[in-house]
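Just below is one structure, and these are the notes that go with it.
The values are calculated or read from the model by the stated rules, or taken from the named source; none is laboratory data. Bear in mind that the values here come from a model prediction, so they are computed numbers and not experimental data. Note: ideal-geometry Cβ built from the backbone for every residue, glycine included; neighbour counts use all protein chains shown.
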Amino acid sequence: MKTVNSSDSNNSKRKCIDDDVQDFLKKQQKTADGFASTKGCAVTTINETMTANKIEYYNKETKTIATNEIKQNCPICNEVFSNAEQSQFEHHVNQCLDHSEEEKSQKSQTTNLWTKLFGTARLKVRGIWNAKDDSAPGLNKTESVWFGRMENKRIVPYYKYLAGTNLVVDAFSFGRIPECEGYFLSHFHSDHYTNLNAGWMHGPIYCSEITSRLVQKKLKVPSNFIRPLPLNRPCLIPGTDNVSVTLIDANHCPGAVMFLCVVPQTDSPPLRYLHTGDFRACKEMCSHPLLKQPENPPIDILYLDTTYLDHKYSFPSQTTCIQLACDVVERHINHNGDNELSNKDHLLTQKKELKNKKIIQKTVVVVGTYSLGKERIFIKIAKKLKSKIFVTDRKMEILSCFGDDELMKMLTDEPKEAQVHVIPLGHILPENLEAYIRSLQPHFTQMVAFKPTGWTFRTSSLEQDRSLDAIISAGAADMTVLKSSYESLTLKIYEIPYSEHSSFRELALFIASLDIRRIVPTVNVHNEKSRAKMGALFDRWQKEKRKMAVVDYPSLDHW
């Protein structure tokens, strides 16, 4: 069995992307040399699109220009973009969401671990907030219990550890961690499993059933190191002092889970930790039998996905976005691409259902997705259209790990057999799709494409100073107008605010619905300004927070 060296990781990723592109092109029976430019657009082949960092084009009809914002910050890595093309900014954020960046080497430092990571121990040990009478577990033990250990001159960050244990979450990039009793993997996105490969032999890996299949099939990790756990059932972790972990659906991507960890204490009640991994908070989570308040003890530490912990990020529910996509598809198909549609906006508040009309097989629906994620959109559209779903071989391999027989029957590797096509999110560019629809003619004559990007949907800056109660009472974002971002005679592209991370409001609701003693953010923690901003927000919410039940909303899957 061949070991994949970490130094070759970037080359391997690029090879996988290039192979995926070649697989995609081969099925169209069309070579890149045959792709001509569209009117008003720069000439760019699909292959060039995937290898370029920036693609510039200008369309006279749509007046595609750079964003009006002078500066934009990536919500994942906080990199600042000044006067950048929107396509360049979107490409960067999508890469941050779905791909790990190259790990930068860190110089050995001799300063105290306490100072090195956060400066003032008292402020940071409490994990941003804690009740007045609450002290951080592990505080009386060694500093490394909270702040990590040195291994190969690299620090395992404090938020990777479940406090007071030798268990870590999504910490594979640090290699072997001394005394570690278990490595937990929240989901199969590369920024969470970096350096996990066929040569892994550092200890047991705990994850969901779907993730375990993906790890074995895609990364070739030896099966004897993988310990898949069931959902919603507490499991004792071998080698620990009776620590139990329960996997709870994270509402992120298939196989993604949260970890509810219960750590027994000698002279006091057990400590309860909830590590969300990457998640999209919903009412169903707070109603879970092991989390629901006040039936259960408090959460002593919440390790929270703070990707969108900013008032700017407020977007509609996934259910609303999927229904919107179905409405758009219905309009285009039933009107057979009539020009009447090109000037109409589609409201997120529309709730029309597809009617039993004769479908003219001339329109193809294209949905951009990550290697893993956004599946709910194309599955729902395909079911509405009673259509097969065209996917590449690589996507088919990933979908086969879901254990969903119904889904597998819907898939095909023949593009002209399906009215719904799934392609990498990075391909959703006008010049690529114009070439793609030409390759499918005359079988298909029109194309409707969806680019699901939740983070591009932002609210007014007036929301910045709203109280916790005002945020909760305001309701979800559902009154915005969605317009096509690109239109031609044969192609229309729609950007849909579909996100698999929690919005700012959903994070507020999640926190308000649970009794939490301490919050430890897991995203945007490498910048002191960002940490201070989150700390101030959590402190403010704690002062405003009242004991409340789960906040009601029309559906369990969203607030």
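Taking residues in segment 352-372 that are under 24 Å from L489 (Cα atoms) and among the polar types (S, T, N, Q), and partners anywhere that are at pLDDT 50 or above and assigned to a loop (DSSP other than H, G, I, E, B), the pairs with Cβ atoms closer than 7 Å and at least 6 places apart or on different chains are Q361/Q419; T363/F444. Scanning segment 267-285 turns up one or more residues that are part of a strand (DSSP E or B), surrounded by 24 or more Cβ atoms within 10 Å (Cβ to Cβ) and hydroxyl-bearing (S, T, Y).
Within the option set A198, A163, being farther than 28 Å from P264 by Cα and touching a residue at least 40 places away in the same chain (Cβ under 8 Å) holds for one residue only, A198.
Taking the listed residues L290, L247, the one that is at pLDDT 95 or above and either of a type outside the set (A, V, I, L, M) or crowded, with 23+ Cβ neighbours inside 10 Å (or both) is L247, with no other qualifying. In segment 309-423, counting only helices (runs of 4 or more DSSP H) that sit wholly within it, the ones holding 2 or more residues that are touching a helix residue (DSSP H, G or I) at 6+ places or on another chain (Cβ under 9 Å) and modelled with pLDDT of 95 or more span 375-385, 393-399, 405-410.
The set of residues in segment 505-522 that are under 23 Å from E79 (Cα atoms) and either modelled with pLDDT under 90 or charged (D, E, K, R) (or both) is empty.
Only one of the listed residues (M258, M201) is at pLDDT below 95 and either out of contact with any strand residue (DSSP E or B) (no Cβ under 9 Å at 6 or more places or on another chain) or not in a loop (DSSP other than H, G, I, E, B) (or both). That residue is M201. It is to be established whether one or more residues within segment 233-240 are within 25 Å of the chain's Cα centre (by Cα) and assigned to a strand (DSSP E or B). There is no residue in segment 233-240 that is within 25 Å of the chain's Cα centre (by Cα) and assigned to a strand (DSSP E or B).
If you go through segment 158-166 one residue at a time, do you hit one that is closer than 20 Å to A250 by Cβ and modelled with pLDDT under 90? Yes, that holds for at least one residue. Close Cβ contacts (under 6 Å, 6 or more residues apart or on different chains) running from residues in segment 416-430 that are in contact (Cβ under 8 Å) with a residue 24 or more places away in the chain to residues that are part of a loop (DSSP other than H, G, I, E, B) and basic (K, R) comprise E417/K388; A418/K388.
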